[in-house]
Amino acid sequence: MSQELRINNNKFIDQTTRLSFKFNGEKLYGYKGDTLASALLANNIHLVGRSFKYHRPRGIMTCGSEEPNAIVQIGNDPSLTDPNVRATEIELYEGLEAFSQNCWPNVKFDIGGINNLLSPLLPAGFYYKTFMWPASFWEKYEFFIRHSAGLGKSPTKPDPDIYDHKYYHCDVLVVGGGISGIMAAKLSAENNNETLLLDDKNILGGATIYQNNDCFQIDGTHTNYWLEKEINKIKNIKNLTIKTRTSLAAYHGYNYLLAKENLTDHLSPDERKGKIRQRLWKIRAKKVIIATGSIERPLIFNNNDRPGIMLSSAIKKFIDFYGVKAGKEISLFTNNDSAYETAISLKKSGVNIVSIIDIRDKSSSKIVKEVEKHNIKIYWKHTIVNTEGYRRISFIEIMKLSDDGSGVIGKKIKLKTDCLGISGGWTPMVHLFTQSGGKLKFRSDDNVFLPDKNKTPSDQISIGSCNGDFDIKDIILNSNKDVKTFLGIENSSFDNLKVESSKEEMKRNIWLLPSDKPIGKTKPFLDFQNDSTAKDVKLALREGFKSIEHVKRYTTTGMGTDQGKLSNMHALGIIAETTGTNMGELGTTTFRPPYTPLTFGAIVGRNVGEFFDHTRKTAMHNWHVQNKAKFENVGQWKRAWYYPKNGETMFEAVQRESKAARESVGILDASTLGKIDIQGTDASEFLNRVYTNAWSKLAIGKCRYGLMLNEDGMVYDDGVTTRLGENHYIMTTTTGGAANVLTKLEDYLQTEWPELDVYLTTVTDHFSTISICGPNSKKILSKVIPDLDLSDEKFPHMSFKNSIINGIKCRVMRISFTGEHSYEINIQSNYAKHVWELCMDAGKDYNITPYGTETMHLLRAEKGFIITGQDTDGTMTPSDLQMDWIIGKKKFDFIGKRSLYRSDTIRDDRKQLVGLLTDDPKEILEEGAQIVEKLNQKPVEMLGHVTSSYFSPNLNKSIALAVMKSGKKLKGKKFFVPMENKNINVTVTDTVFFDKENKRLNA
Amino acid sequence: MKNKYSIFSLIKNAFSSHENWQRAWRDPEPKKEYDAIIVGGGGHGLATAYYLAKKHKMTNIAVVEKGWIGGGNTGRNTTIIRSNYLWDASAGLYDHALKIWEGLSQELNYNIMFSQRGVMNLAHNLQDVRDLKRRTHANRLNGIDAVWLNTDEVKKFCPIINTSPDIRYPVLGGTLQKRAGTARHDAVAWGYARGADQLGVDIIQNCEVKGIKRDGDQVIGIETSKGYIKSKKIGVVAAGHSSVIANMAGLKLPLESKPLQALVSEPVKPIIDTVVMSNAVHAYVSQSDKGELVIGAGTDSYVSYTQKGSHNIVEETLRAILELYPIFSRMKMLRQWGGIVDICPDASPIISKTQVKGLYFNCGWGTGGFKATPGSGDLFAHTIANDEPHKLNAAFNINRFVSGDLVDEHGAAAVAH
Amino acid sequence: MFIINCPYCGERDQTEFSSGGEAHIVRPKQPTELSDDEWAEFLFMRKNIKGIQFERWNHSHGCRKWFNVVRDTSNDKIHAVYKMGEKPPVNK
């Protein structure tokens, strides 16, 4: 492997451990500790991708999460591939495979490059102005647009990785482990605060940890050595938890923050097997200290996007941290002192610096003087007007700036270079601050938006360069002071540090650097990923898009995966200049979470697959499973749907079950229905208010069916309630409505009628319910409970008895949802399966047939009983359901009563419940089908729909319940149910199809 | 039309480096008086102004917007367009809109990228199946394209859905409207703004309404941050802020303004080319032309005007997404945001006169307003111009809350509540 | 994600609670004496305030008690919490 671009550096990279990796199929080598980006640069590879719109060649531009260009696909296993990974972030591991995205056939020769030639036709928003003709062609245009858009490729198989969540409470959260974050963490932990320090890199120390420059010293040592010592000190402080590879994603209200910890993305496929991939930390911190640092700005000039053009600070990190030279003949272009640090680092590592181009007239700061000692050529008051080199920068052209900086003068100088570092100043990372609700203020000296101290939430502060301190002296002084004040600390080990730095004296900022060509003939890029240029911003303004949000959306500046970290400020600056507005007044576009992209897997955590939602099972569940039941989901419950025997279809099973229940005896697990225990001296009064019918005179030991309305008069639940004692009832509700009913009833008790002496307790899970119905049900029950007098006189329909089965207390209700003679045994769930088995045993000579929800629905439909939620849809009143009898006429009030008398609610042509019989008794209607009178009308008038439909084996014909306009008046009339391919003739009938006199209840 | 957009004008302007494009809309100061004022410069408000000018020849009108046009819910929604609602009244309303969508780019000479890629609603339990079949039958008989798909057919239409019978709430089938799809939301606002402006409508941005003046029971003008503006017809289209404006006129509405969140993933090559919605496994997803997955679900449960919601909604939404699309677990969320949606008790809008003469309200669209934008604008313009609702919005009057004649679309609105 | 100070249990995470809408909407004592308009006012009309509003919350995954909250809906800041049946605290 060529070592030309490496220098000896074992501090942060392990140059004794060589790793092999592949990029676009080519096998290459790097070292442990490299990122993919540093390893590529070491192999002299800058060209890594193509831009979104113009497909221009793109190179590695930064050394961090703000990277807009070096976005690659990692791996090609369809279940594990990761699209849009930043090469500057992914740590190298043995066997890593990476691919350029959005180019074909390859990144060097991309057919999409034709867009670059077409670029005059493709300014911002071009797609709004065309693709409209012919109208039918939009689908075809869209096909091409969609295929040329998008960056990487989604996985196509399910993700096998595991993601975890962690809940963390602390006194102080410090976000960012650079020099100020480390100071804050140390101060906080040393003063008895449970402290959490997070950093997204694999080691602490930010940029200072590799600074190593004579100009910057603390207490007589280079800043990096000083910081290294501090880091060692904090590693063992009690109260301090340090997490690296953990990035803060979102700062929500009430100091709720989300951080993502990367656990295995830096490991080889073998090393990561069986491990959790990422962990989302859900943090509540009493106080937050934001130390997120700042990001260097690029400069905006003609053709500023070529591979090899990088942020100057990135070049510095690549050489000082990774030991990689980004080029052999490096130039630097700057408007501030930072690039001079890079120059010194490069010089010390033996790299040839072609020149430094500085737009300022002059700077005499310490660091510039250091550079001048090395005889590096500096072109003061110059700017770059053009660059050359399609796949790698090869030349820059520079000219002198006019005095006011608006134009260029003199002769063009052409300089050869293979790498250009640019530095346009620094942008404080204020994303998290603004997410939390903090407001920014603008500092015009250096054109930065900073946290406004007067508009900062009281439980947080920002320190370091994200707070606008760029000089190390200021950083140390202010961080120390502010943290001490914030945490109420008197003395700090950072008081009275002697700090030396190079103070920057001269600044100059030109948002859009001039060229010798008119702007229309230049390409000054703002957003390197989305290909928006300064021209696009001006075009947007010209077309009337004045708001910064409009400009952003129209030009897509700042809408890429980097969310404008490099482009937002320049876009704002150009808007301000062009419109003559103050940047501070313009403000910024809204920062939204996440700060860097978060996997869906990490956000969801463990609640996938079998943990997607709770599963509620009855006490008899395993018995149903063993007896081959099929299940349906009713809310969160699993209910036995039907029990197919010997290869039966569902239809066959349900027919058999339904017949058996009426011919002999059927058994149903009804445990899922809601059960609410109601006690108190006002219990009857309470029932009177929540049900439509009257309850005060219900005798102890009797059961009654009740209907519940919402205040808008619509039926929403129903069930049988039993009076167990003077002040004691047990209410049943539907399965799906149980939780809702309990919540509503409690709401009324606590907030409307606190004067009522009533207590509610949910006993849905506490008791199980075994329902036995059919002409032989009495025989079964008498075997199971021999001592109970089951005569109709002693134990009439709609009454209950306390009893004992094998020493176990139970309640037996005579309630029937099927119209058959029925009993419901309520027993504590621990014993339920045992009692079920006793019943099964007692019934074995009577063909006792377990039946599920489908049969239960069929049997009740034969009797015209409604199922709320199926025959009702929230728009039916009791009268609509032909249940006028259930409205207590003498009752003063009940929930929903007033609504029943509104002008629309009393209309007699509302949809009302009816029965339907098909002319062809074998034709079974589809639930949901609509009912019409006239077929050849247009539009067809729909009169109602089929709510429940079955083939009844007990009547040997199909039956259905439906709701129809003016249903009460339609008995005997004929209608149509129009299906897609045929029209079915139906006749309206009574809703009760079977045993209209209810003789079978006492059979 | 001056300033026409086409490939020819693009080519022509390329020669002058695109420096000669005209403003899409002017930036006028408000006049002292207008024949009508639309309060709210979102899609619905701008569409209303456009149709007032275009179809009713009312050009001496203004749209007054407190921020930047399209900056409210129009710029924040998940861009789903469909008309497969249950009741006749809703079907009529939304399909009226859908028919306009189908020619809107050409009508406005602005490419709003209406993509009829189909919208599927999935069923996960037996009652879902009944409800969706009921809706499918009703749609069909109302002349709206809708078909029922069984599980295999769902899988065929969108292969990446997990239709395994072993997941917690398996897909039991679904209903598909093929004419439904998506559009580019910002473009709708900009297209209508440009169209209205060309017809003479004044679009006044950064102009906040601070009061509504009445003379007895007739409205006579609005107080704004740019001064007092007279008008005898005021149409309020302020979405989440409807109650705030109503309050200025002494009116109360049956609305609650809640956060609705949405999110996008990083852009990837085409992976899903339809829109899929599910109530029971609650989330909806589509892919924008840029390649981002666009995802949303239900509202937060509390009233808030912050345009932010709580994180648990995002987590629950993505949990549903991963349940149905387990391949998306490694996809990354790029950005999340929120809007303010005005929720109406029956999940149907209010497009109505009020008891104050000349004051009209168009609100209550809740989570489903974007799809109706052209229809809403058209019908509201009719209502304002004629001082009477059109037959297609007659059912959506504010009096239905008194009579009880609600249009309950909770199921079809496809949003869990 | 709010932290809500349940008057019975203390500070808890928002996910333990469910929201109950506008507070102090009293169910009319004589519904039959109300016109359809007045009944609609009770059933449906809401203040929906942008700013300080009084609302109800329930500690559904905790003590299951209802209580009232004073919250500014323009910035989600909770100013006070008071028990069901109590009068709202006076403006600070």
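The values are calculated or read from the model by the stated rules, or taken from the named source; none is laboratory data. What you see is a predicted model, and the numbers here were worked out from it, not measured in a lab. All Cβ positions, even for glycine, are placed from backbone atoms using ideal geometry, and neighbour counts span all protein chains on display.
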> Among the residues of region B:271-298 satisfying the criterion of being in contact with a Pro (Cβ under 6 Å, 6 or more places away or on another chain) and buried (at least 21 other Cβ atoms within 10 Å of the Cβ), which is nearest to the other protein chains (Cβ to nearest Cβ)?
Replying inline: B:Gly291
> Out of region B:370-391, which residues are assigned to a loop (DSSP other than H, G, I, E, B) and either charged (D, E, K, R) or touching an Asp or Glu at 6+ places or on another chain (Cβ under 9 Å) (or both)?
Replying inline: B:Asp387, B:Glu388, B:His390, B:Lys391
>> Between B:Glu33, B:Glu65, which is surrounded by fewer than 22 Cβ atoms within 10 Å (Cβ to Cβ) and charged (D, E, K, R)?
In response: B:Glu33
>> Checking the structure you have, find out if any residue of region A:32-39 is more than 18 Å from A:Ser268 (Cβ to Cβ), among the charged types (D, E, K, R) and surrounded by fewer than 20 Cβ atoms within 10 Å (Cβ to Cβ).
In response: no
> Of the residues in region A:739-770, how many are part of a helix (DSSP H, G or I) and touching a Lys or Arg at 6+ places or on another chain (Cβ under 8 Å)?
Replying inline: 5
> Just wondering, is there one or more residues in region C:10-29 that are acidic (Asp, Glu), under 24 Å from A:Ile283 (Cα atoms) and in a helix (DSSP H, G or I)?
Replying inline: yes
> List the pairs whose first member sits in region B:131-143 and is within 7 Å of chain A (Cβ to nearest Cβ), whose second member is among the aromatic types (Phe, Trp, Tyr), and whose Cβ atoms are under 8 Å apart, counting only residues at least 6 apart or on separate chains?
Replying inline: B:Lys133/B:Trp148; B:Ala138/B:Trp87
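Rundown of residues vs (1) in contact with a helix residue (DSSP H, G or I) (Cβ under 8 Å, 6 or more places away or on another chain); (2) under 17 Å from A:Val690 (Cβ atoms); (3) among the hydrophobic types (A, V, I, L, M, F, W, C), yes/no style:
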residue	(1), (2), (3)
A:Ile867	yes, no, yes
A:Pro878	yes, yes, no
A:Ser899	yes, yes, no
A:Lys911	yes, no, no
A:Leu916	no, no, yes
> For residues in region A:560-575 being free of Cβ contacts under 8 Å to residues at least 40 places away in the same chain and touching a helix residue (DSSP H, G or I) at 6+ places or on another chain (Cβ under 7 Å), which is nearest to A:Val85 (Cα to Cα)?
Replying inline: A:Leu572
> So B:Gln355 clears everything in (1) at the interface with another protein chain (Cβ under 9 Å from one of its Cβ atoms); (2) over 23 Å from B:Val281 (Cα atoms) except one condition, right? Which one?
Replying inline: (1)
>> Of the conditions (1) of a type in the set (A, V, I, L, M); (2) assigned to a loop (DSSP other than H, G, I, E, B); (3) within 14 Å of chain C (Cβ to nearest Cβ), A:Leu881 satisfies every one except a single condition; which number is it?
In response: (3)
>> Suppose the filter is in a loop (DSSP other than H, G, I, E, B) and crowded, with 20+ Cβ neighbours inside 10 Å; does A:Asp717 pass it?
In response: no
> Say we look at region A:891-901 and pick out the residues that are in contact with a Ser or Thr (Cβ under 7 Å, 6 or more places away or on another chain) and not in a loop (DSSP other than H, G, I, E, B); which of these is nearest to the other protein chains (Cβ to nearest Cβ)?
Replying inline: A:Arg898
>> Are there strands (runs of 3 or more DSSP E) fully within region A:386-460 with at least 3 residues that are of a type outside the set (Lys, Arg)? List them.
In response: A:395-401, A:408-416, A:419-423, A:426-428, A:448-451
>> Just to check your reading of the model, which residue among A:Ser899, A:Ser966, A:Ser952, A:Ser903 is within 16 Å of A:Phe865 (Cα to Cα) and either among the polar types (S, T, N, Q) or surrounded by fewer than 19 Cβ atoms within 10 Å (Cβ to Cβ) (or both)?
In response: A:Ser952
> Can you name the residue in region A:1-29 that is assigned to a loop (DSSP other than H, G, I, E, B) and charged (D, E, K, R) and is also surrounded by the fewest Cβ atoms within 10 Å (Cβ to Cβ) among such residues?
Replying inline: A:Glu4
> Do we find that A:Asp474 is over 30 Å from A:His55 (Cβ atoms) and in contact with a helix residue (DSSP H, G or I) (Cβ under 6 Å, 6 or more places away or on another chain) in this structure?
Replying inline: no
> Of the numbered conditions (1) within 14 Å of another protein chain (Cβ to nearest Cβ); (2) at pLDDT 95 or above, A:Asp873 satisfies every one except a single condition; which is it?
Replying inline: (2)
> Only one residue in A:Gly601, A:Gly520, A:Gly564, A:Gly558 is buried (at least 22 other Cβ atoms within 10 Å of the Cβ) and facing another protein chain (nearest Cβ under 7 Å). Which one?
Replying inline: A:Gly601
> Quick one: is A:Thr578 modelled with pLDDT of 95 or more and over 24 Å from B:Val264 (Cβ atoms)?
Replying inline: no
> Do you know which residues across region A:74-101 are assigned to a loop (DSSP other than H, G, I, E, B), under 24 Å from A:Phe321 (Cα atoms) and among the acidic types (Asp, Glu)?
Replying inline: A:Glu89, A:Glu94
>> Quick check on this structure: which one of B:Thr136, B:Thr163 is of a type in the set (S, T, N, Q) and crowded, with 24+ Cβ neighbours inside 10 Å?
In response: B:Thr136
> Quick check, is C:Ser74 in contact (Cβ under 8 Å) with a residue 24 or more places away in the chain, touching a strand residue (DSSP E or B) at 6+ places or on another chain (Cβ under 6 Å), of a type in the set (Ser, Thr, Tyr) and surrounded by fewer than 18 Cβ atoms within 10 Å (Cβ to Cβ)?
Replying inline: no
>> So if I check each of A:Lys201, A:Lys235, A:Lys260, which one is within 30 Å of A:Val368 (Cβ to Cβ) and not assigned by TED's automatic domain parsing to the domain that holds A:Tyr340?
In response: A:Lys201
> For B:Val147, all conditions in the list (1) surrounded by fewer than 18 Cβ atoms within 10 Å (Cβ to Cβ); (2) under 21 Å from A:Glu632 (Cα atoms) hold save one; what is the number of the exception?
Replying inline: (2)
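Yes/no per residue for (1) at pLDDT below 95; (2) of a type in the set (A, V, I, L, M):
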{"position": "A:Ala37", "(1), (2)": "no, yes"}
{"position": "A:Arg58", "(1), (2)": "no, no"}
{"position": "A:Asn76", "(1), (2)": "yes, no"}
{"position": "A:Arg86", "(1), (2)": "no, no"}
{"position": "A:Lys108", "(1), (2)": "yes, no"}
{"position": "A:Leu118", "(1), (2)": "yes, yes"}
> Taking region A:604-634 as the region of interest, how many residues are touching a strand residue (DSSP E or B) at 6+ places or on another chain (Cβ under 7 Å), among the polar types (S, T, N, Q) and either away from every other protein chain (no Cβ under 13 Å) or touching a residue at least 24 places away in the same chain (Cβ under 8 Å) (or both)?
Replying inline: 2
